[in-house]
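Student: Once you've had a glance at the structure underneath, I'll fire off some questions.
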Amino acid sequence: MSGLEWAMFEDFYRDEFKPLIWFAVRAGASAAEAEDVAQEAMKATWARWSEIDNPRAYARTAALRVLYRAHGRAKREQAAAPGRTATPRTNSKGLRRPGCEKHPGRQIDLRVRLYKLPLIGLPGACVRCPW
């Protein structure tokens, strides 16, 4: 790959990495999982950079595929252990959920709270249509 392609990808990465994390969070990933998903999607995007017409759409599609694979893997692992039930710190999909061990009834869904936050500082983002 040429130096020009690398420079174009660097600009794309710098501009789209944070919005891609938000995209993954809105698709159902936890905050930590969303960063991993975004990184894997960027790797996939770079691998096919010279063939892609719309890198933003490709990266988002790749992020969804990475996320669905991770969730499918968690489901299969849970199904492989038939006697195992979800623990208080694990949801029905077998994924860890945030919460306080002292107050298990006071769980919050961070995705709902994050969704309500304004997307200040992201280029071209607004509360209604951040993508």
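The values are calculated or read from the model by the stated rules, or taken from the named source; none is laboratory data. This one's a predicted model, so the numbers in the text were calculated from it and none came from an experiment. Positions of Cβ are generated from backbone atoms using ideal geometry, with glycine treated the same way; all protein chains shown enter the neighbour counts.
Student: Take the stretch 46-75 and flag every residue that is touching a residue at least 24 places away in the same chain (Cβ under 8 Å) and among the aliphatic types (A, V, I, L, M).
Tutor: Correct list: Ala59, Ala63, Leu64, Val66, Leu67, Ala70.
Student: To continue, here is another question. Restrict the check to the stretch 78-85 and report whether at least one residue is at pLDDT below 90, surrounded by 11 or more Cβ atoms within 10 Å (Cβ to Cβ) and in a helix (DSSP H, G or I).
Tutor: Here is the first cut: in the stretch 78-85, the ones at pLDDT below 90 are 78-85.
Filter again for surrounded by 11 or more Cβ atoms within 10 Å (Cβ to Cβ), leaving 78, 84.
The next check asks that each one be in a helix (DSSP H, G or I); those that pass are 78.
Looking for residues that are at pLDDT below 90, surrounded by 11 or more Cβ atoms within 10 Å (Cβ to Cβ) and in a helix (DSSP H, G or I), one finds at least one in the stretch 78-85, hence yes.
Student: Just the residues that are over 12 Å from Ala63 (Cα atoms), of a type in the set (Phe, Trp, Tyr) and either surrounded by fewer than 13 Cβ atoms within 10 Å (Cβ to Cβ) or free of Cβ contacts under 8 Å to residues at least 40 places away in the same chain (or both), please, taken from the stretch 1-45.
Tutor: Selection gives Trp6, Tyr13.
Student: Taking Gly72 as the residue in question, decide whether it is among the small types (Gly, Ala, Ser) and at positive phi. Even if it seems obvious, please write down each step before you answer.
Tutor: Values: among the small types (Gly, Ala, Ser): yes; at positive phi: no.
In short, no.
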